[in-house]
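What follows is a short report on a single structure.
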Amino acid sequence: MKITRQKHAKKHLGFFRNNFGVREPYQILLDGTFCQAALRGRIQLREQLPRYLMGEIQLCTTRCVLKELETLGKDLYGAKLIAQKCQVRNCPHFKNSVSGSECLLSMVEDGNPHHYFVATQDQNLSMKVKKKPGIPLMFIIQNTIVLDKPSPKTIAFAKAVESGQLVSGQEKQSIKQLKEEQGLVKDPEQRRKKKRKKISGPNPLSCLKKKKKTQDTNSSASEKKRKRKRIRNRSTSKILSEKQNAEG
């Protein structure tokens, strides 16, 4: 049974790796129900999960999950201790915390860019996760960890990408990076700035007027010089005529 279970896990992991870019270390988001099930089944998650998935793992949770376990009291104290040993991932609920299921669902929005696994016993959360393509789902049944097979939504999405009808999130990201490296992507803010610069630029007509003013100033300056020369010439001619009269 253990060998067939690992074979299924290997097959499912290969599907998620090839179609959605899931890679090691596998980041597994745990909620309180999964931690409680692991506690009851005496499952050592840090030992058994790497063996089952045949790779490195990172056990993760969120602040909302920890807060939810704290509010539920002594009955889930053991589950809270397991969750506290996990890495805490930043969720968008800094001011007002939400339920653990709602928080985990928000962590895999927008195509699950961080390639999270969701580990839960919550049936309602599991159904919502299955409606989103590309999210590996894990649960515990009969004291054994199981990686669920890809959901119909996930399979349909992978087929659409393969046929060229859709573009996967990984491909979108790589295309965007390539465009940015080659300078083909322009920020809308930069475009706005460029447009503003064009509008606030100098008017060619105003430039022409300025040139005329400079010409006028130059001509007025030359006229003044001519007048000064005329005045000097007149004054010298007066002096010469006075000298001639005196000599005569």
Residue tally, condition of a type outside the set (A, V, I, L, M), out of contact with any Gly (no Cβ under 8 Å at 6 or more places or on another chain), assigned to a helix (DSSP H, G or I) and more than 23 Å from Asn143 (Cβ to Cβ), over the range 42-83: 5
Could you tell me which numbered condition Glu109 fails, if it satisfies all but one of (1) within 30 Å of Pro152 (Cα to Cα); (2) within 31 Å of the chain's Cα centre (by Cα); (3) open to solvent by 20 Å² or more (accessible area, probe 1.4 Å); (4) at pLDDT 95 or above? (4)
Confirm whether Leu29 is in contact with a strand residue (DSSP E or B) (Cβ under 6 Å, 6 or more places away or on another chain) and under 18 Å from Leu137 (Cβ atoms). yes
Which numbered condition in (1) among the β-branched types (Val, Ile, Thr); (2) in contact (Cβ under 8 Å) with a residue 24 or more places away in the chain; (3) over 17 Å from Val88 (Cα atoms) is the only one that Ile28 fails? (3)
Counting only residues in the range 140-153 that are open to solvent by less than 60 Å² (accessible area, probe 1.4 Å) and in contact (Cβ under 8 Å) with a residue 24 or more places away in the chain, the one nearest to the chain's Cα centre (by Cα) is identified as Pro150
Do we find that Pro136 is under 25 Å from the mean Cα position of the chain (by Cα), farther than 18 Å from Ile82 by Cβ and open to solvent by less than 10 Å² (accessible area, probe 1.4 Å) in this structure? yes
Of the residues that make up the range 28-41, is at least one among the acidic types (Asp, Glu) and open to solvent by less than 60 Å² (accessible area, probe 1.4 Å)? yes
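The values are calculated or read from the model by the stated rules, or taken from the named source; none is laboratory data. Predicted, not measured: the structure shown is a model, and the values here were computed from it. Methodologically, a virtual Cβ is constructed for each residue, glycine included, from the backbone with ideal geometry; neighbour enumeration extends over all protein chains shown. All accessible areas refer to the heavy atoms of the entire protein, side chains included, with ligands and DNA or RNA removed. Shrake-Rupley method; radii C 1.70, N 1.55, O 1.52, S 1.80 Å.
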